[in-house]
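Taking it in order: structure first as structure tokens, then the write-up.
The values are calculated or read from the model by the stated rules, or taken from the named source; none is laboratory data. Since the model is a prediction, treat every value here as computed from it, not as a measurement. Every residue, glycine among them, receives a Cβ derived from its backbone with ideal geometry; neighbour counts consider all protein chains shown.
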Amino acid sequence: MYRPADKNLITDIAGLRVGHATDEAVRSGVTALICAGAWSAGVDVRGGGPGTRETDALSPENLVGRAHAVVLAGGSVFGLAAADGVAAALSAQGIGLEFRQGSPHIPIVPSAVLHDLGNGGDKNWGQTPPYRDLGLRALEAAGAEFALGAVGAGRGAMAGLVKGGLGSASLDLGEGLIVGALVALNSVGSALMPDGKTYWAWAFELDGEFGAGGPPPRGMDLSDPAPDESRLLAVGRLRPGSNTTLAVVACNADLTTVECKRVAMMAQDGIARAVRPAHTPFDGDTVFALASGEVQLRGNLHRAAGVGRIGSAAADCLARAIARAVHFSNPPA
């Protein structure tokens with residue numbers, strides 16, 4: 001039976017580091033994922049109100065199809081500046097593409113943002129939003145271990161009517177193959193069933209990683225899984241682009257850009273398994289996929305089966321990461 005890898009974090013993928021920077025006054029933050037080199041990458045966007053940067057660079061028909069880092073941030077459009085800080089710092093370290101000797105290195109740093117501007121924090125930043133500096137701080141903090149819960153890009157997040165946050169999980173598929181996921185959960189939909197206790201993702205839990213709540217009580221009415229719309233309207237969350245689930249899935253296989261795209265598409269199912277409703281007009285749901293290239297897949301049909309296996313595992317990891325985000329952001333009283 002498959003189990004989580006050593007840390008049960010996306011950084012179980014060797015060469016991947018994660019760092020958070022959190023501004024408690026603003027109630028927002030940034031999470032940066034740093035690759036050990038230019039990794040194959042893809043992205044899939046399914047929410048109706050996305051906020052992104054450099055996603056076109058990962059399109060299979062375009063030139064690059066690789067990433068040196070991925071940045072997730074709060075702050076809506078202002079949070080896109082976090083990737084500026086990360087890109088500038090990586091370039092100064094000599095990391096990135098070099099098209100002409102002596103010219104600045106060009107790191108590819110795709111980014112996506114969630115909307116946390118209505119969470120009560122101090123957003124009176126005038127012409128100097130904090131996100132570029134938060135991006136620099138997140139890069140400096142990047143390592144193999146990182147916190148889960150209301151930190152980094154998940155600091156000001158909500159999931160339905162409870163706190164969202166930052167979650168991560170991994171899966172060891174054997175023979176050296178590892179898959180992991182990281183999520184910043186700020187969804188319109190809820191990760192909890194109507195009883196407010198049972199996770200929609202309960203069936204995917206491993207080793208009690210989000211409280212071992214088990215299956216829903218017998219006879220629970222599941223006919224209306226959506227959060228109370230009147231309450232969501234009252235707190236101003238039913239506006240296009242005002243929410244969003246952002247995720248990164250990663251593996252250590254030698255996937256191409258096209259294959260990363262397929263894994264990102266499959267991983268979106270993890271959101272649908274763990275959040276209801278998902279991919280609404282009010283969300284900007286975006287999933288990035290990264291592959292380090294360490295483990296070789298066999299060719300032809302065997303290779304396609306391997307990609308499908310990785311995509312399925314990525315969806316499961318993402319569902320678990322979503323439940324862990326809520327679990328760590330809402331500790332028992």
Of those in segment 269-303 that are farther than 30 Å from residue 49 by Cβ and of a type in the set (S, T, N, Q), the residue farthest from the chain's Cα centre (by Cα) is 300
Restricting to segment 276-313, name every residue that is at pLDDT below 95 and touching a helix residue (DSSP H, G or I) at 6+ places or on another chain (Cβ under 8 Å). 278, 279, 285, 297, 298
Taking segment 161-185 on its own, how many of its residues are acidic (Asp, Glu) and closer than 16 Å to residue 11 by Cβ? 1
Does residue 92 qualify as being of a type in the set (Gly, Ala, Ser) and either surrounded by fewer than 24 Cβ atoms within 10 Å (Cβ to Cβ) or over 28 Å from residue 47 (Cα atoms) (or both)? yes
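One line per residue, one yes/no per condition, for (1) touching a residue at least 40 places away in the same chain (Cβ under 8 Å); (2) among the hydrophobic types (A, V, I, L, M, F, W, C):
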| residue | (1), (2) |
| --- | --- |
| 257 | yes, no |
| 271 | yes, yes |
| 276 | yes, no |
| 289 | yes, yes |
| 299 | no, no |
| 306 | yes, no |
| 316 | yes, no |
| 319 | yes, yes |
| 332 | no, no |
When you scan segment 29-51, do you find a residue that is out of contact with any Phe, Trp or Tyr (no Cβ under 8 Å at 6 or more places or on another chain), free of Cβ contacts under 8 Å to residues at least 12 places away in the same chain and among the aromatic types (Phe, Trp, Tyr), even just one? no
Scan segment 317-333 residue by residue and report those that are buried (at least 24 other Cβ atoms within 10 Å of the Cβ) and in contact with a strand residue (DSSP E or B) (Cβ under 7 Å, 6 or more places away or on another chain). 317, 318, 320, 321, 322, 323, 324, 325, 326
Hey, among 193, 158, 220, which residue is modelled with pLDDT under 95, out of contact with any Cys (no Cβ under 9 Å at 6 or more places or on another chain), farther than 24 Å from residue 284 by Cβ and crowded, with 19+ Cβ neighbours inside 10 Å? 193
Mind checking which residues of segment 24-49 are in contact with a Gly (Cβ under 6 Å, 6 or more places away or on another chain), in a strand (DSSP E or B) and buried (at least 19 other Cβ atoms within 10 Å of the Cβ)? 28, 29, 30, 31, 32
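Listed here are the residues, each with its yes/no results for (1) out of contact with any helix residue (DSSP H, G or I) (no Cβ under 7 Å at 6 or more places or on another chain); (2) on the phi < 0 side of the Ramachandran plot; (3) not in a loop (DSSP other than H, G, I, E, B).
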position	(1), (2), (3)
147	yes, yes, no
171	no, yes, yes
182	no, yes, yes
197	yes, yes, no
211	no, no, no
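Results for (1) under 30 Å from residue 211 (Cβ atoms); (2) of a type in the set (Ser, Thr, Tyr); (3) at pLDDT 95 or above, shown as yes or no for each residue.
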| site | (1), (2), (3) |
| --- | --- |
| 70 | yes, no, yes |
| 83 | no, no, yes |
| 86 | no, no, yes |
| 102 | no, no, no |
Buried (at least 21 other Cβ atoms within 10 Å of the Cβ) and either in contact (Cβ under 8 Å) with a residue 12 or more places away in the chain or not acidic (Asp, Glu) (or both), is that true of residue 87? yes
Before we move on, is residue 306 crowded, with 24+ Cβ neighbours inside 10 Å and either over 11 Å from the mean Cα position of the chain (by Cα) or hydroxyl-bearing (Ser, Thr, Tyr) (or both)? no
Considering residues that are out of contact with any Cys (no Cβ under 9 Å at 6 or more places or on another chain), farther than 30 Å from residue 219 by Cα and of a type outside the set (A, V, I, L, M, F, W, C), the number found within segment 168-190 is 4
If I go through segment 95-128 residue by residue, how many of them are touching a strand residue (DSSP E or B) at 6+ places or on another chain (Cβ under 7 Å), β-branched (Val, Ile, Thr) and surrounded by fewer than 18 Cβ atoms within 10 Å (Cβ to Cβ)? 1
Neighbours by Cβ (under 9 Å, 6+ apart or cross-chain): first from segment 95-107, among the charged types (D, E, K, R); second not in a loop (DSSP other than H, G, I, E, B): 98/106
